[in-house]
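Structure record follows, encoded as structure tokens.
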There are 2 protein chains.
Amino acid sequence: MINIAVLGYGTVGSGVVEVINTNKAIVNKNAGQKINIKYVLDLREFPGDPVMDILVHDYDVILNDPEVEVIAEVMGGIEPAYTFVKSALEKGKSVCTSNKELVAAHGPELLRIAKEHNRNFMFEASVGGGIPIIRPLNQSVTADDVKSITGILNGTTNYILTKMSKQGLDFDTVLKEAQALGYAERNPSADVDGFDACRKIAILSSLAYGKNVNYEDIYTEGITKISDIDFKYANKLGRSIKLFGKAEKKDGNFYVFVAPVMIDENNALYSVNGVFNAILVDGNVVGNIMFYGSGAGKLPTASAVVSDIIAAIRNLNTNVAVEWTEEKLEIADFSTSKKRFFVRVSGNIDEKLAKINKVFRNVLVIKLEELDDEFAFMTDVISEQKYEEAASQIDGIITRIRVE
Amino acid sequence: MINIAVLGYGTVGSGVVEVINTNKAIVNKNAGQKINIKYVLDLREFPGDPVMDILVHDYDVILNDPEVEVIAEVMGGIEPAYTFVKSALEKGKSVCTSNKELVAAHGPELLRIAKEHNRNFMFEASVGGGIPIIRPLNQSVTADDVKSITGILNGTTNYILTKMSKQGLDFDTVLKEAQALGYAERNPSADVDGFDACRKIAILSSLAYGKNVNYEDIYTEGITKISDIDFKYANKLGRSIKLFGKAEKKDGNFYVFVAPVMIDENNALYSVNGVFNAILVDGNVVGNIMFYGSGAGKLPTASAVVSDIIAAIRNLNTNVAVEWTEEKLEIADFSTSKKRFFVRVSGNIDEKLAKINKVFRNVLVIKLEELDDEFAFMTDVISEQKYEEAASQIDGIITRIRVE
């Protein structure tokens, strides 16, 4: 028998307790021994819930109990999670977490402390919910030079974009619906402004390239400016618009960004719809591989946390290798990143096209019959800086979306 | 430095050597030490190829060299692979293989021998080519009761079906084209009759359920009877036809089969086209997760073998847990398996419909305007046995395809 503790009895924490109870036989068999949840930490009381018997309010009870060998941290946020996790690892306990903020901010330090104590810091649930991606990156994508890693990493925004695409609705309408359904927070900024995806691509790119990508260095653009009219053009082009978190290695430079991107059906991420997430890894020998599933939700996320608990138990006195050092990965200036751009312009096409062709060269013009007062064009592959310089010479640009 | 040997210098074997050389820095870093290919075993000579310096024709040289700690078996076929692998494990060497015939026929025995010697028998490349699926099943999908595992496991047949679907071509034409392109063997039976997919679903279902699924017990139906007309109906129904290898747990019974299945776009496997493979796992807590990528090819398959070599080196003196015992998994009689059926019938609909409705009940009729002399219908969910009994009462059934 092995004793564990769960920090936080919110959505994910109660899910972890539920998964361990529901799938008791399978979980214990895979762990190789019986898992006993000795403590659940939460400041609140839960009258009538069986968890009351093991609920504690004081973290030191858990920290100072040498019988507790594995801790699941599912509180979220930086503090007190960081202090709790660090002290647990220093006491020689392994920690499994679903906390992307914590991992993005302190991952390599916590990995180092775990290694120093021959224990493990695991975080499968911090990216892609229930999708196995962290362990496969660490243990399966090991023979490849990763050319790029691209993710649809946020279910809320993918739900909103999918609804807009399929039903022709505008952003505000779909956001309100998503909030009513519980798919979006009352303050949706972390999702719709791309901050959540930013932390996740920081984690994935750090693992793919072995050095630390600081999430604050990542160019991050959300989906709040995407409109139903953008989707009309996208549909006409046989394309869709997805919020990508992407890291690419090009000519020895590393580019990392979060932004909406217009893609066509040849991209494996094209048919990832609704609240689903997916991560596409392009390796120099394996080619494209994709991992797909529920990117959030109580039970899928808890499933990933429990798979980490099982892995921590299987490797109780062995540090499982993770290539993610504290050394900083130098990210190239985003202004040098090159893409095609889709650009919408208000006004009359005949009056503006000559100037557009002069500053952008070789544009592809797209006109929707139902829209008299605007048109759009697609550029060649140019740098962000080149785009900005050229765009500053054109009046009436409504929006621009990167194209892959 | 660690010494390894590669058994077989065919497509995959030369790929393994190429991947280790091309990605030397990454591979050695991930292995934690320099990998030295000390021997390559092949009966042939390769004049001018650098491999000549390390080529041996006698396996005993490798077996009896205590410096060789990991062996990659990429010859294919049962013998001499089985004898070679077994003796290597018994000598305390870890073995990584891409050989699905070997794994399907002798997997649990070889796993047991590896465990007895505290070494590892790994076979990531035996299913899904470069797609990480074996290691994720062993190490990530550990908190779930697997309700089903469904795979598009054969790139040749998926290429053929995709071409038939998108271009309206018949089976023979596409098969010839696939053979000309090297996507299909001159003797295509192993692929088009489903035998390859059968071994792969045997491996996956054994891992998912922890006991041994004998591939000879699996109901296996290929794609040779699928016609361009079937796809006309499928297109009208907004569906596609894919060759599935599938294992399901229903009411405590296990069903495993290989057969073409008509699916709609709500199935995550619907948009897996061309030579790509994908495996969809439905867990009782994680929900649907999918793994997608190149299911064959020299470098993708070699990438998976090298990831196993790295894992074997990281765990040189530790047996990594794999739940797959020699105990037989009892598979339910396929005649009790329940599905909907799509059925094509020659002749006049008005003359036959009354009888069809009488024996099948509640059928959905599908008529294509361009086909005067036939029609089709879709049944309710019924057992295979019930279908056969009812179908025997209807004259002129051209074909039937299961529907999910």
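Structure above, values below:
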read-out: Considering only the protein assembly as shown, percent of DSSP beta bridges that pair antiparallel, nearest 5; value: 65 percent
read-out: Stokes-Einstein diffusion coefficient of region A:13-61, Kirkwood radius over Cα pairs, 37 °C, 0.692 mPa s, in µm²/s; value: 276 µm²/s
read-out: Radius, Kirkwood style, for the protein assembly as shown when every pair of distinct Cα atoms is counted (Å); value: 28.3 Å
read-out: At 7 Å out from Cα toward Cβ: B:SER189 inter-copy label distances (nm, ascending); value: 6.8
read-out: Of A:GLY182, A:GLY293, A:GLY77, the one that fluctuates the most in a GNM where chain A has Cα springs shorter than 10 Å; value: A:GLY182
read-out: Alpha carbon convex hull of chain A, projected area averaged over orientations, nm²; value: 20.6 nm²
read-out: Cα→Cβ-extended label distance, 7 Å offset, between B:LYS232 and B:ASP145, nm; value: 4.6 nm
read-out: Beta bridge orientation in chain B: antiparallel %, DSSP, nearest 5; value: 65 percent
read-out: Among beta bridges that DSSP assigns inside region A:136-294, antiparallel share in %, nearest 5; value: 95 percent
read-out: Value of Rg/Rh across region A:302-404 [Cα atoms, Kirkwood radius]; value: 1.36
read-out: Other copies of B:GLY252: label-to-label distances in nm, shortest first, labels 7 Å along the beta-carbon direction; value: 6.6
read-out: Dipole magnitude (debye, nearest 20) for region A:342-401, charges at Cβ of Lys, Arg, Asp, Glu; value: 300 debye
read-out: Inter-chain shielding of B:126-135 (mean C-beta neighbours from other protein chains, 10 Å cut-off); value: 4
read-out: For A:ILE398, B:ILE133, A:ILE35, A:ILE241, order by how many other beta-carbon atoms lie within 10 Å, fewest first; value: A:ILE398, A:ILE35, A:ILE241, B:ILE133
read-out: At q = 0.12, 0.15, 0.16 Å⁻¹, base-10 log of I(q)/I(0) for region B:136-294 (Debye sum, equal scatterers on each alpha carbon); value: -0.51, -0.78, -0.88
read-out: Estimated distance in nm for a label pair at B:GLN385 and A:ILE54, the labels positioned 7 Å out from Cα along Cα-to-Cβ; value: 4.5 nm
read-out: Rotation relating A and B, chain B residue nearest the axis via C-beta, angstrom; value: B:SER271, 2
read-out: Computed over region A:1-143, the ratio Rg/Rh where both radii use C-alpha atoms and Rh is Kirkwood; value: 0.95
read-out: Candidates A:SER140, A:SER205, A:SER87: whichever shows maximal mean-square fluctuation once chain A is modelled as a Gaussian network with Cα springs under 10 Å; value: A:SER140
read-out: For A:LYS236, B:LYS298, order by how many other beta-carbon atoms lie within 10 Å, fewest first; value: A:LYS236, B:LYS298
read-out: Burial ordering of B:PHE342, A:PHE121, fewest other beta-carbon atoms within 10 Å first; value: B:PHE342, A:PHE121
read-out: Exam field: B:ASP172 pseudo-label spacings to other copies (7 Å along Cα-Cβ), nanometres; value: 6.4
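No value in this document is a laboratory result; all are computed from the given coordinates. Just so we're clear, the structure is a prediction, and the values are computed from it rather than from any experiment. All Cβ positions, glycine included, derive from the backbone under ideal geometry; neighbour counts span all protein chains shown.
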